[in-house]
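Q: Just dropping this structure here.
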Amino acid sequence: MARRSTKTPPPDDSFEERILDIDVVDEMQGSFLEYAYSVIYSRALPDARDGMKPVHRRIVYQMNEMGLRPERGYVKCARVVGDVMGKLHPHGDASIYDALVRMAQPFSMRLPLVDGHGNFGSLGNDDPPAAMRYTECRMADATQLMTESIDEDTVDFVPNYDGQEQEPVALPAAFPNLLVNGASGIAVGMATNMPPHNLGEVVTAARHLIRYPNADLEALMRHVPGPDLPTGGRIVGLAGIRDAYETGRGTFKIRATVTVEDVTARRKGLVVTELPFTVGPEKVISKIKDLVGSKKIQGIADVKDLTDRAHGLRLVIEIKNGFHPEAVLEQLYKLTPMEESFGINNVALVDGQPLTLGLKELLEVYLDHRFDVVRRRSEFRRGKRRDRLHLVEGLLVALVDIDEVIQLIRSSENSAEAKQRLMERFSLSDVQTQYILDTPLRRLTRYDRIELESERDRLTAEIEELTKILESDSELRKLVSGELASVAKKFGTERRTVLLESAGAPIAAVPLEVADDPCRVLLSSTGLLARTVTGEPIAAGEDGKRAKHDVIVSDVLTSARADIGAVTSAGRLLRLAVIDLPQLPDTAAAPTLSGGAQLSEFLSLEADETVVCLTSLDEDSPGLAIGTEQGVVKRVVPDYPANKDELEVIALKDGDRIVGATELATGEEDLVFITDDAQLLRYPASQVRPQGRPAGGMAGIKLSEGARVISFTAVDPAADAVVLTIAAARGTLDDSEQMSAKLSPFDQFPRKGRATGGVRCQRFLRGEDMLVLAWAGRTPARAAQKNGMPSELPAIDPRRDGSGTPLAKPVAVVTGPA
């Protein structure tokens with residue numbers, strides 16, 4: 001086994017050791033400055049001329065080179081990213097694709113520069129974009145304005161990272177992209193954060209500055225009052241915006257756009273249709289749930305994201321009953337991303353140097369760039385036209401003596417001799433002569449001569465026009481202004497963001513919870529429930545006219561945060577929270593219940609079960625008085641356990657049902673039964689002993705064979721009261737039935753003893769054999785049709801047992817004043 005020699009080799013005299021002593025402080029400073037400059041200039045900050053960072057500029061330029069114009073088909077984003085990375089941008093593909101995605105997002109860019117096909121993410125990045133191998137893209141219509149006339153020597157080109165390709169230092173940019181789309185980036189020791197603006201407003205301000213170069217900031221802000229964010233929203237406070245437009249730095253607040261709507265029949269909600277810039281719905285929902293879970297916010301029942309492609313953003317925040325939506329919204333603004341601050345920091349590169357620019361400086365830098373672009377384009381076009389004119393003039397000279405030209409060429413030994421002889425004979429330049437020699441003989445016709453003369457005249461006019469632009473600053477400014485106007489006309493859109501000087505009156509003055517104020521709960525003949533603003537009785541409209549749904553069959557005085565009971569025909573009392581009911585607007589006109597909600601939204605009723613009255617759950621009241629179809633009467637002891645939502649108030653016999661119930665006010669009222677065979681019985685409520693809820697009641701009226709009770713009410717004997725009865729032929733009630741109505745003074749009916757037969761209250765007309773509807777109570781009495789529309793009633797008939805007056809239309813419900 002061979003052994004390795006451990007002897008040290010002799011020193012090589014040809015190797016000279018060189019050690020440099022470098023101060024570590026100097027090395028760190030130099031290296032850091034190089035790194036910082038690279039980040040600032042090559043990555044993080046946009047150029048003030050075209051508003052683009054290098055990666056965005058390279059993407060747009062390469063897409064233009066690839067011919068991915070709007071009229072062409074989409075290509076995979078991976079192909080674009082690969083070309084950009086391989087030719088121009090020597091960095092990772094992730095950063096290139098992220099930049100491309102942002103340029104395709106309509107919620108990130110006010111005027112998107114990439115037309116994307118596929119999943120390019122969602123607002124707030126709640127749904128990240130798909131991988132670049134799945135998505136496709138092409139240039140948007142507006143992107144062509146960024147690269148327009150780039151091949152006409154309008155901008156300078158520099159070698160790419162390996163010197164094999166050329167790339168522009170800035171794009172021609174036919175619109176102020178930096179102000180329109182904004183920018184954000186973090187460099188070393190500095191950052192930029194610029195909001196988007198409305199294209200039409202920015203162009204108007206730029207044109208104003210072209211016309212009046214010495215215009216002040218106030219004049220420009222009349223055209224650009226503030227940012228216009230892609231997601232809309234509301235900007236609150238304009239002082240920070242003015243600071244930013246003046247100094248380049250400022251702050252403003254963005255609020256979500258929210259409306260208060262009836263999201264269900266029982267609840268109001270906050271409907272969010274626009275969120276602050278860069279804030280997504282998932283972020284808002286997550287924050288709200290955290291706040292609700294930690295009990296830092298109150299009054300929110302549920303949060304739903306109903307966003308879709310057809311209707312856009314729609315975030316519904318349901319508010320619990322008993323809470324003011326406006327006060328809850330104020331809490332949401334304070335505690336969630338529904339209100340965000342945006343710090344403006346207008347840092348951009350000007351001649352390679354990072355500067356903080358105000359609105360006027362940003363417009364001036366862009367306009368100077370645009371003037372330079374249009375000037376260079378005009379020079380390029382004039383040069384091209386001059387070159388072409390030179391050739392056309394030479395060809396026209398040849399056409400004048402075409403025979404001599406042909407003879408001279410044929411007699412020459414070679415093309416070089418022919419070229420030299422033509423130059424000497426016709427005083428042509430080298431270029432003109434070569435063009436003549438290269439022109440086919442078929443073009444040397446009389447028609448071609450006419451075409452050439454027309455082309456010469458057109459070229460001469462165009463050269464004069466271009467020269468006029470280049471030699472006149474006013475013409476140059478006029479041209480740039482006109483081009484900007486055309487861009488705004490084609491791509492301008494309406495403002496999306498609302499600008500507010502302040503948030504208005506502080507919503508904090510509104511209490512969070514609804515106060516327990518007196519109110520009145522109403523039940524209409526069509527089964528609608530609602531509550532009023534106050535506890536005052538509901539007055540009729542002028543001349544007693546009432547609107548649809550305005551026939552109130554029961555009402556109860558209570559308070560907004562109390563519970564009431566609904567007595568049903570099946571003998572049940574169902575508890576109902578007043579705060580859950582919709583509130584009617586407080587208007588001076590006669591109120592209607594058209595804004596109410598159906599009973600089925602609050603109560604679960606069995607088949608053929610109806611609500612006969614509303615009652616308070618006051619245990620200090622004289623209690624309920626109940627009358628049944630089979631003539632049973634009961635006074636219920638007011639005992640309503642708070643832990644039960646359903647109570648039995650009477651034990652009904654088989655086949656029996658409640659036809660009327662009312663809450664007694666004093667216990668001194670008269671109880672009134674009216675049967676379908678036109679018998680009325682009236683006696684004091686004191687004749688009925690109060691019973692507990694499970695009791696079955698006692699005999700209330702003696703019924704004749706086949707008769708049944710159709711009405712039971714309680715009437716104050718001291719009040720001005722009437723009895724309303726409606727007679728018809730036996731059978732079902734429909735629109736074709738003939739009815740007659742009778743109004744009688746209540747005091748015409750004498751008191752009788754309990755469980756007696758009563759007295760006759762109406763005499764039937766020919767064809768009538770029963771009462772179908774009846775009611776007794778204080779005036780005025782009212783009647784309504786099935787749809788709730790009012791019906792006219794006859795005058796009061798002093799006769800106790802007189803006959804009725806025929807009605808024009810059938811009646812479905814009778815009642816008294818609310």
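Q: I'd like to know if the stretch 153-170 contains one or more residues that are over 23 Å from residue 74 (Cβ atoms), surrounded by fewer than 18 Cβ atoms within 10 Å (Cβ to Cβ) and among the small types (Gly, Ala, Ser).
A: yes
Q: Name the strands (runs of 3 or more DSSP E) wholly inside the stretch 141-188 in which the number of residues that are under 43 Å from the mean Cα position of the chain (by Cα) and of a type outside the set (Asp, Glu) is 3 or more. Break it down stepwise before answering.
A: Details: elements: 157-159, 166-168, 183-186.
In the stretch 141-188, the matching strands (runs of 3 or more DSSP E) lie at 183-186.
Q: So, in the stretch 334-344, of the ones that are touching a residue at least 40 places away in the same chain (Cβ under 8 Å) and surrounded by fewer than 19 Cβ atoms within 10 Å (Cβ to Cβ), which residue ends up nearest to the chain's Cα centre (by Cα)?
A: Quick first cut of the stretch 334-344, residues touching a residue at least 40 places away in the same chain (Cβ under 8 Å) only: 335-344.
Retained after the next criterion (residues that are surrounded by fewer than 19 Cβ atoms within 10 Å (Cβ to Cβ)): 335, 340-341, 343.
On the way: 335: 21, 340: 17, 341: 20, 343: 24 Å.
Here the residue is 340.
Q: Going by the structure shown, is residue 175 buried (at least 21 other Cβ atoms within 10 Å of the Cβ) and in contact (Cβ under 8 Å) with a residue 60 or more places away in the chain?
A: Values: buried (at least 21 other Cβ atoms within 10 Å of the Cβ): yes; in contact (Cβ under 8 Å) with a residue 60 or more places away in the chain: yes.
Criteria met by residue 175.
Q: Also, quick follow-up: When you go through (1) over 26 Å from the mean Cα position of the chain (by Cα); (2) modelled with pLDDT under 95; (3) more than 21 Å from residue 168 (Cα to Cα) one by one for residue 134, which number turns out not to apply?
A: With (1) over 26 Å from the mean Cα position of the chain (by Cα); (2) modelled with pLDDT under 95; (3) more than 21 Å from residue 168 (Cα to Cα) applied to residue 134, the lone miss is (2).
Q: Is it true that residue 193 is of a type outside the set (Asp, Glu) and outside any loop (DSSP other than H, G, I, E, B)?
A: Details: of a type outside the set (Asp, Glu): yes; outside any loop (DSSP other than H, G, I, E, B): yes.
Against the criterion (of a type outside the set (Asp, Glu) and outside any loop (DSSP other than H, G, I, E, B)), residue 193 qualifies.
Q: Here is a follow-up. Can you work out which of the residues in the stretch 219-239 that are hydrophobic (A, V, I, L, M, F, W, C) and not in a loop (DSSP other than H, G, I, E, B) is surrounded by the most Cβ atoms within 10 Å (Cβ to Cβ)? Outline the logic, then answer.
A: If we filter the stretch 219-239 for residues that are hydrophobic (A, V, I, L, M, F, W, C), which is where we start, we get 219-221, 224, 229, 235-236, 238-239.
From the residues that got through so far, the ones that are not in a loop (DSSP other than H, G, I, E, B) too are 219-221, 235-236, 239.
On the way: 219: 14, 220: 23, 221: 19, 235: 25, 236: 19, 239: 12.
Ranking the qualifying residues of the stretch 219-239, first place goes to 235.
Q: Could you say which residue among 553, 487, 480, 533 is farther than 30 Å from residue 141 by Cβ, buried (at least 18 other Cβ atoms within 10 Å of the Cβ) and either modelled with pLDDT of 85 or more or assigned by TED's automatic domain parsing to the domain that holds residue 781 (or both)? Spell out how you get there, then give the answer.
A: Numbers: 487 fails: farther than 30 Å from residue 141 by Cβ; 480 fails: farther than 30 Å from residue 141 by Cβ; 533 fails: buried (at least 18 other Cβ atoms within 10 Å of the Cβ).
Result: 553 is the single residue among 553, 487, 480, 533 that is farther than 30 Å from residue 141 by Cβ, buried (at least 18 other Cβ atoms within 10 Å of the Cβ) and either modelled with pLDDT of 85 or more or assigned by TED's automatic domain parsing to the domain that holds residue 781 (or both).
Q: Right, next: On the basis of being assigned by TED's automatic domain parsing to the domain that holds residue 160 and out of contact with any helix residue (DSSP H, G or I) (no Cβ under 7 Å at 6 or more places or on another chain), does residue 112 make the cut? Working first, answer last.
A: Working: assigned by TED's automatic domain parsing to the domain that holds residue 160: yes; out of contact with any helix residue (DSSP H, G or I) (no Cβ under 7 Å at 6 or more places or on another chain): no.
Here the answer is no, as residue 112 does not meet what is asked.
Q: Check off (1) over 23 Å from the mean Cα position of the chain (by Cα); (2) crowded, with 20+ Cβ neighbours inside 10 Å for residue 315 and give me the number that stays unchecked.
A: It fails just one condition, (1).
Q: If you don't mind, there's one more thing I want to ask. Is it true that residue 70 is in contact (Cβ under 8 Å) with a residue 24 or more places away in the chain, assigned to a loop (DSSP other than H, G, I, E, B) and farther than 25 Å from residue 349 by Cβ?
A: Details: in contact (Cβ under 8 Å) with a residue 24 or more places away in the chain: yes; assigned to a loop (DSSP other than H, G, I, E, B): yes; farther than 25 Å from residue 349 by Cβ: yes.
Criteria met by residue 70.
Q: For residue 750, are the conditions met, namely being more than 26 Å from residue 555 (Cα to Cα), in the same structural domain as residue 522 (by TED's automatic domain parsing) and loosely packed, with under 15 Cβ neighbours inside 10 Å? I'd like the intermediate steps shown before the answer.
A: Values: more than 26 Å from residue 555 (Cα to Cα): yes; in the same structural domain as residue 522 (by TED's automatic domain parsing): yes; loosely packed, with under 15 Cβ neighbours inside 10 Å: yes.
The answer is yes for residue 750.
Q: Of all the strands (runs of 3 or more DSSP E) wholly in the stretch 619-679, which have at least 1 residues that are under 17 Å from residue 716 (Cβ atoms)? Give the steps one after another, and end with the answer.
A: Working: elements: 624-628, 632-636, 646-648, 658-663, 670-675.
Passing ranges, in order: 624-628, 632-636, 658-663, 670-675.
Conditions (1) among the charged types (D, E, K, R); (2) more than 30 Å from residue 213 (Cβ to Cβ); (3) touching a Cys at 6+ places or on another chain (Cβ under 8 Å); (4) not in a helix (DSSP H, G or I), marked per residue:
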site	(1), (2), (3), (4)
412	no, yes, no, yes
432	no, yes, no, no
452	no, yes, no, no
463	no, no, no, no
469	no, no, no, no
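Q: With the requirement that a residue be hydrophobic (A, V, I, L, M, F, W, C) and either at pLDDT below 95 or surrounded by 21 or more Cβ atoms within 10 Å (Cβ to Cβ) (or both), what does the stretch 69-84 give you?
A: Start the filter on the stretch 69-84 by keeping residues that are hydrophobic (A, V, I, L, M, F, W, C), which leaves 75, 77-78, 80-81, 84.
Answer for the stretch 69-84, where residues must be hydrophobic (A, V, I, L, M, F, W, C) and either at pLDDT below 95 or surrounded by 21 or more Cβ atoms within 10 Å (Cβ to Cβ) (or both): 77, 80, 81, 84.
Q: Given (1) buried (at least 19 other Cβ atoms within 10 Å of the Cβ); (2) within 21 Å of residue 582 (Cα to Cα); (3) not small (Gly, Ala, Ser), where does residue 326 come up short, assuming only one miss?
A: All conditions are met except number (1).
The values are calculated or read from the model by the stated rules, or taken from the named source; none is laboratory data. Keep in mind that this is a model prediction, so the values were computed, not measured. Neighbour counts are summed over all protein chains in view; Cβ atoms, including those assigned to glycine, are modelled from backbone coordinates with ideal geometry.
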